[in-house]
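Shown next, in structure tokens, is the structure this report addresses.
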Amino acid sequence: MSAHDPHPSHIKKAMSKHHGFRRLFATDQMTLGLVLPLETYAEGSTPTMQDHLDIVRHAEAIGIPGLWLLDIPFFDPSYGAAGQVFEPLTYMAALASVTTEIAIGTAGIVLPFREPHLFTKQVASVDLLSQGRCLIGLSMGHRVSEYSLFGIDYETRSSRLREIYRLYRILAEHDRPAFSSEVFGASPGGYDIVPKPPFGRTPMIGINGAGQDMAWVAREMEGIMMPVTDPDKLVDMVASWRRAIPDDSFKPISMVGFLNLEEDPDYPFRRDREGFHVGSRALARYMEQAREAGVNHFALNPRYTRRPMKELLEDLKTDVLPHFPALSVGD
């Protein structure tokens with residue numbers, strides 16, 4: 001346990017109250033999320049974002065419990081993806097303003113590019129304005145060219161992420177704290193960043209481990225999101241995560257992957273370089289296997305599905321969501 005962390009019981013209490021966390025995660029349960037934008041677009045191009053707010057409202061109306069946003073600061077056509085165009089924390093605030101229940105997360109923020117003081121204020125603001133529906137997935141990024149554009153040494157990315165994260169926790173969860181950093185300034189105490197997270201802590205999720213040792217993620221964060229894997233590897237993936245958790249606390253494990261939803265609802269799960277192909281009923285069967293293995297959430301990125309998004313959402317509504325509904329938040 002890091003010296004700046006609140007007592008584990010305080011963290012558990014915060015997660016038990018946080019609306020976004022409770023909407024998506026519970027022991028022995030599986031929920032479904034979607035990675036924005038809900039639109040197909042060609043390699044080397046940008047999504048149109050046409051009617052994006054209407055599509056998001058429709059996704060919430062049919063019972064999708066979670067949305068996830070990408071963080072791609074620079075559009076590099078050689079990588080073939082421009083993300084959802086908008087800066088994710090700004091976009092999260094806009095999405096929160098047109099929805100009421102759906103959890104909204106990042107998958108994930110490239111933390112080494114963020115200045116920790118402003119990042120702290122942004123996250124707490126969005127979590128408060130969304131009434132506790134904000135989850136922050138953190139990643140290290142893998143595009144060397146972007147690090148050059150930010151003037152950051154690519155080889156320092158792992159240690160830089162840990163330092164920004166350390167300062168974030170201090171600033172977000174303590175009043176007028178003293179701190180010092182070789183990179184990001186110092187304070188003798190007496191200065192504060194407001195607002196604070198609405199329930200004391202905003203959930204942090206390590207996207208693909210955030211480039212860190214799994215034991216560090218299990219100790220420092222509230223969960224992990226891993227790439228989708230083959231059915232016969234689910235048990236081992238979950239077991240590795242569970243072994244890393246230092247106590248008996250519930251810390252969810254999620255998966256994320258590119259979905260190509262086939263018209264045949266029984267089209268079997270098949271991996272390819274872009275993610276996986278599957279039909280809607282077969283997807284429900286795969287998710288049941290994942291739930292039995294201990295996976296708690298599955299975030300689907302539908303950008304490679306060559307079908308209208310309304311058809312995709314209707315298939316999910318009919319064949320998947322009845323088996324994996326949003327969790328009740330209650331009072």
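The values are calculated or read from the model by the stated rules, or taken from the named source; none is laboratory data. Every value quoted in this text rests on a predicted model; they were computed, and no experiment measured them. Here the Cβ is made from the backbone with ideal geometry for all residues, glycine too, and neighbour counts use every protein chain on show. Calculation scope for accessible area: heavy atoms of the full protein, side chains included, ligands and nucleic acids excluded. Shrake-Rupley method; radii C 1.70, N 1.55, O 1.52, S 1.80 Å.
Take segment 202-216 and flag every residue that is in a strand (DSSP E or B) and open to solvent by less than 10 Å² (accessible area, probe 1.4 Å).
Met204, Ile205, Gly206
Report yes if some residue within segment 68-75 is more than 21 Å from Ile205 (Cβ to Cβ) and of a type in the set (Phe, Trp, Tyr); otherwise report no.
The answer is yes; a qualifying residue exists.
Return yes when Val329 is outside any loop (DSSP other than H, G, I, E, B) and either closer than 22 Å to Thr106 by Cα or among the hydroxyl-bearing types (Ser, Thr, Tyr) (or both) and no when it is not.
For Val329, the condition - outside any loop (DSSP other than H, G, I, E, B) and either closer than 22 Å to Thr106 by Cα or among the hydroxyl-bearing types (Ser, Thr, Tyr) (or both) - is not met.
Of all residues in segment 313-327, which are open to solvent by less than 80 Å² (accessible area, probe 1.4 Å) and in contact (Cβ under 8 Å) with a residue 60 or more places away in the chain?
Leu313, Leu316, Val320, Leu321, Phe324, Pro325, Ala326, Leu327 - these are the residues of segment 313-327 that are open to solvent by less than 80 Å² (accessible area, probe 1.4 Å) and in contact (Cβ under 8 Å) with a residue 60 or more places away in the chain.
If Thr100 satisfies all but one of (1) open to solvent by 50 Å² or more (accessible area, probe 1.4 Å); (2) farther than 23 Å from Ala26 by Cβ, what's the number of the condition it fails?
Unmet condition: (2).
For segment 20-58, what are the residues that are at positive phi and open to solvent by 20 Å² or more (accessible area, probe 1.4 Å)?
Asp28, Gly44, Asp51 - these are the residues of segment 20-58 that are at positive phi and open to solvent by 20 Å² or more (accessible area, probe 1.4 Å).
Look at segment 59-90 and say how many of its residues are open to solvent by less than 70 Å² (accessible area, probe 1.4 Å) and not acidic (Asp, Glu).
Result for segment 59-90: 19.
With the condition kept exactly as written, say whether any residue in segment 268-277 is in contact with a Pro (Cβ under 7 Å, 6 or more places away or on another chain) and assigned to a loop (DSSP other than H, G, I, E, B).
Scanning segment 268-277, I find at least one residue that is in contact with a Pro (Cβ under 7 Å, 6 or more places away or on another chain) and assigned to a loop (DSSP other than H, G, I, E, B), so the answer is yes.
Taking segment 182-204, which residues are in contact with a helix residue (DSSP H, G or I) (Cβ under 8 Å, 6 or more places away or on another chain) and of a type in the set (Gly, Ala, Ser)?
Gly185, Gly200
Is it the case that Arg303 is more than 20 Å from the chain's Cα centre (by Cα), among the basic types (Lys, Arg), open to solvent by less than 60 Å² (accessible area, probe 1.4 Å) and modelled with pLDDT under 95?
Taking the combined requirement at face value, the residue does not satisfy it.
Condition test on Arg114, is it at pLDDT 95 or above, closer than 20 Å to Ala93 by Cα, open to solvent by 20 Å² or more (accessible area, probe 1.4 Å) and not β-branched (Val, Ile, Thr)?
yes
So if I check each of Arg219, Arg291, Arg273, Arg281, which one is surrounded by fewer than 20 Cβ atoms within 10 Å (Cβ to Cβ), more than 19 Å from the chain's Cα centre (by Cα), among the basic types (Lys, Arg) and modelled with pLDDT of 95 or more?
It is Arg281.
For segment 120-201, please list each of the strands (runs of 3 or more DSSP E) lying entirely inside it that holds at least 1 residues being open to solvent by less than 10 Å² (accessible area, probe 1.4 Å), touching a strand residue (DSSP E or B) at 6+ places or on another chain (Cβ under 9 Å) and among the aliphatic types (A, V, I, L, M).
The qualifying strands (runs of 3 or more DSSP E) are 134-139.
With the condition kept exactly as written, say whether any residue in segment 249-262 is charged (D, E, K, R), crowded, with 16+ Cβ neighbours inside 10 Å, in contact (Cβ under 8 Å) with a residue 12 or more places away in the chain and not in a loop (DSSP other than H, G, I, E, B).
Taking every residue of segment 249-262 in turn, none turns out to be charged (D, E, K, R), crowded, with 16+ Cβ neighbours inside 10 Å, in contact (Cβ under 8 Å) with a residue 12 or more places away in the chain and not in a loop (DSSP other than H, G, I, E, B).
Only one of (1) at pLDDT below 95; (2) within 16 Å of Thr120 (Cβ to Cβ) fails for Gly211. Which number is that?
If we test Gly211 against (1) at pLDDT below 95; (2) within 16 Å of Thr120 (Cβ to Cβ), just (2) comes out false.
Among the numbered criteria (1) closer than 30 Å to Leu313 by Cα; (2) of a type in the set (A, V, I, L, M, F, W, C); (3) touching a helix residue (DSSP H, G or I) at 6+ places or on another chain (Cβ under 7 Å); (4) surrounded by 21 or more Cβ atoms within 10 Å (Cβ to Cβ), which one does Met226 miss?
Checking Met226 against (1) closer than 30 Å to Leu313 by Cα; (2) of a type in the set (A, V, I, L, M, F, W, C); (3) touching a helix residue (DSSP H, G or I) at 6+ places or on another chain (Cβ under 7 Å); (4) surrounded by 21 or more Cβ atoms within 10 Å (Cβ to Cβ), the one that fails is (4).
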